[in-house]
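Worksheet: the structure to be examined is printed underneath.
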Amino acid sequence: MLLIFFVTSIYGFLAVNHPLGEGILVVEGWIPAKTLAESVHVFNSGAYQYLVVVGGPIVGTGAESGHARTYADLAASRLEQLGFDTNKLIKINVPPLSSERTLTGAAHVKRWLERSGTKVCCVDILTAGVHARKSWILSRYALGGSYRVGIIAGPQASFDPKYWPVSRKGTWIVVRNLAGYVYYKFWILFNRKASPRDWRATDQGESLSILENDIPPGE
């Protein structure tokens with residue numbers, strides 16, 4: 001019975017949805033194109049000031065001209081192709097990392113908010129499917145008590161959520177994200193005394209692109 005309960009409920013637990021619908025919409029740049037396209041609908045149906053895409057280097061792109069070098073670049077390019085208003089689009093590139101990418105990305109978002117002087121009450125995070133639960137707790141930790149943080153689990157493009165237990169890829173993604181959530185839940189518990197500001201972006205390797213708008217540089 002416990003196994004059946006786990007199988008039928010774990011996807012919904014990880015792919016949590018708790019949007020606030022205002023402030024800024026932060027999109028993790030690595031998400032699939034289908035999920036990214038959903039962010040346009042989410043933005044247009046809410047009361048957001050800006051859509052912020054965040055991401056680090058794409059492995060294997062090198063210095064090839066004409067190719068996006070970071071996931072933030074790639075996501076921004078795709079959003080422009082979808083006709084998204086570039087005056088409301090912010091791109092934040094983060095340095096290459098082997099771990100803590102989600103946490104560091106959220107820290108870069110906080111730094112941009114502080115440096116740009118953008119006044120918002122809320123930050124909604126949009127990611128892909130079962131990554132949502134982990135993104136939510138890490139973003140709340142990194143952003144601290146200055147902002148209310150919501151979460152949106154976009155479409156899971158690589159497998160059918162209803163049949164994840166019979167999909168090799170689905171099983172791998174669900175189990176990996178469950179393990180990641182549990183790990184960081186305990187990590188945050190034992191690191192509560194550390195200020196979230198310890199995870200703010202450093203000046204080294206930072207990069208911010210502001211697409212055709214007048215917001216002061218913040219990264």
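Taking the criterion of being touching a helix residue (DSSP H, G or I) at 6+ places or on another chain (Cβ under 6 Å), among the small types (Gly, Ala, Ser) and in a helix (DSSP H, G or I), the residues of region 124-139 that qualify are SER135, SER139. Within region 26-57, if we keep just the residues that are touching a Pro at 6+ places or on another chain (Cβ under 8 Å) and in a helix (DSSP H, G or I), the residue that is nearest to THR118 (Cα to Cα) turns out to be VAL42. Say we look at region 116-131 and pick out the residues that are surrounded by fewer than 24 Cβ atoms within 10 Å (Cβ to Cβ) and hydrophobic (A, V, I, L, M, F, W, C); which of these is nearest to GLY12 (Cα to Cα)? Here the answer is CYS122. Scanning region 140-177 for residues that are at pLDDT below 90, in contact with a helix residue (DSSP H, G or I) (Cβ under 8 Å, 6 or more places away or on another chain), surrounded by fewer than 21 Cβ atoms within 10 Å (Cβ to Cβ) and assigned to a helix (DSSP H, G or I) returns GLY144, SER146, PRO161, TYR163, PRO165.
Scan region 150-169 for residues that are more than 16 Å from THR127 (Cα to Cα) and without any contact (Cβ under 8 Å) to a residue 60 or more places away in the chain and the total you get is 7. For THR61, the criteria (1) farther than 20 Å from ARG176 by Cβ; (2) touching a His at 6+ places or on another chain (Cβ under 6 Å); (3) at pLDDT 95 or above hold in every case but one, which is (3).
Could you tell me whether any residue of region 4-20 is aromatic (Phe, Trp, Tyr), modelled with pLDDT under 90, out of contact with any His (no Cβ under 6 Å at 6 or more places or on another chain) and part of a helix (DSSP H, G or I)? Yes, because at least one residue in region 4-20 is aromatic (Phe, Trp, Tyr), modelled with pLDDT under 90, out of contact with any His (no Cβ under 6 Å at 6 or more places or on another chain) and part of a helix (DSSP H, G or I). Sort out which residues of region 91-125 are among the acidic types (Asp, Glu) and farther than 18 Å from LYS185 by Cα, and write them in order of number. Within region 91-125, GLU114, ASP124 meet the criteria.
Quick check, is LEU82 hydrophobic (A, V, I, L, M, F, W, C), surrounded by fewer than 16 Cβ atoms within 10 Å (Cβ to Cβ) and free of Cβ contacts under 8 Å to residues at least 60 places away in the same chain? So LEU82 fits the description; yes.
The values are calculated or read from the model by the stated rules, or taken from the named source; none is laboratory data. Just so you know, these numbers come straight off a predicted model, no measurement behind them. Cβ coordinates were reconstructed from backbone atoms using ideal geometry, including for glycine residues, and neighbour counts include every protein chain displayed.
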